[in-house]
Structures are given as structure tokens and as C-alpha cells.
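These notes concern the structure reproduced below.
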């Protein structure tokens, strides 16, 4: 009988505490999950492209890699947490011609474990991490390029 009363009291206290937690306002996970640690400001040309695509303030570098084929890829983030992909064949010092040697893509997705994926208007996807760049063309052809040290 004493055990039953004790369990009832514990249950009431637990229920009360749970109901109190329901009333607490918590931040929306989608509102805070988008901001990743950033480094230096992204290139001026990336800032200009970001402005054309509606970036919120300055773009800051989240990831920068160079591939074995000499392409350089930047993933940049604006003040609102939106991610952008900017790459150039031949590296940062090579000629930049958007949609020919260079590609800027908005609305990059982050997988939470280090890979970023962007989709071009032709349906090709670009997935980049600190170890590799994978390009999947609309026809299913896949190109993989390892990241090399600068």
C-alpha cells in the first residue's frame, strides 16, 4: 500500500514536470541549424555573384578545396545561413568566365557530416567535401576528383 502511494506521487510529479516543459519556448531547429562555422570572407567575385542571387550580407568561407584536376571549389555562407557553391577550373588565378570555366550555385545543401551538394540548372549535382568532389551528370555519368593539398 505504501509502495502504491509512493509510485502514484512519483507519477504525479513526473507528469507535472513534463507539462511544465511543454510550456517552454524552444528555438525552431530549422532557424538555428543553418549556421556553420566560417572563416575568411569569400572572393570579391563570389560576393558579387552572391549579391545577384540574393545573398544576405557578406559571404564567408565554410570550405575551400583544390582538386587533382586543379579546380578550386568554395562553399560560402551568408548571414542568414544560406550556402553557396563557387568553383573555377584551373584555380583561383585562372580566367573566370561564369558558366564556362566558373560555376556559381545557390541553395547548397549540407548533409551534417561534411559534404555539401549543389544542383545546376541542367540537373547536374556537385557534391564536395574536404576529401573529394563528385559530379553527377543528368545522364548518370559520375566524375570523382580527389582533393589535394595546396
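The values are calculated or read from the model by the stated rules, or taken from the named source; none is laboratory data. Keep in mind that this is a model prediction, so the values were computed, not measured. When we count neighbours, we look across all protein chains shown, and the Cβ atoms used for this are built from the backbone with ideal geometry, even at glycine.
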Against the definition (more than 26 Å from residue 141 (Cβ to Cβ) and buried (at least 20 other Cβ atoms within 10 Å of the Cβ)), how does residue 59 come out, yes or no?
yes
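Test residue 91 against the stated conditions and say whether it is in a loop (DSSP other than H, G, I, E, B), under 18 Å from residue 149 (Cβ atoms) and either in contact (Cβ under 8 Å) with a residue 24 or more places away in the chain or in contact with a helix residue (DSSP H, G or I) (Cβ under 7 Å, 6 or more places away or on another chain) (or both). Spell out how you get there, then give the answer.
On the way: in a loop (DSSP other than H, G, I, E, B): yes; under 18 Å from residue 149 (Cβ atoms): yes; either in contact (Cβ under 8 Å) with a residue 24 or more places away in the chain or in contact with a helix residue (DSSP H, G or I) (Cβ under 7 Å, 6 or more places away or on another chain) (or both): yes.
Spelling it out, residue 91 is indeed in a loop (DSSP other than H, G, I, E, B), under 18 Å from residue 149 (Cβ atoms) and either in contact (Cβ under 8 Å) with a residue 24 or more places away in the chain or in contact with a helix residue (DSSP H, G or I) (Cβ under 7 Å, 6 or more places away or on another chain) (or both).
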Those residues of the range 98-128 which are closer than 15 Å to residue 87 by Cα, buried (at least 16 other Cβ atoms within 10 Å of the Cβ) and either touching a helix residue (DSSP H, G or I) at 6+ places or on another chain (Cβ under 9 Å) or in contact (Cβ under 8 Å) with a residue 60 or more places away in the chain (or both), in sequence order:
102, 104, 106, 128
Do any helices (runs of 4 or more DSSP H) lying entirely in the range 1-78 carry at least 2 residues that are more than 29 Å from residue 150 (Cα to Cα) and modelled with pLDDT under 95, and which ones are they?
2-22, 29-32
Matching residues in the range 133-150 (surrounded by 10 or more Cβ atoms within 10 Å (Cβ to Cβ) and either closer than 16 Å to residue 84 by Cβ or in contact (Cβ under 8 Å) with a residue 24 or more places away in the chain (or both)) number 5
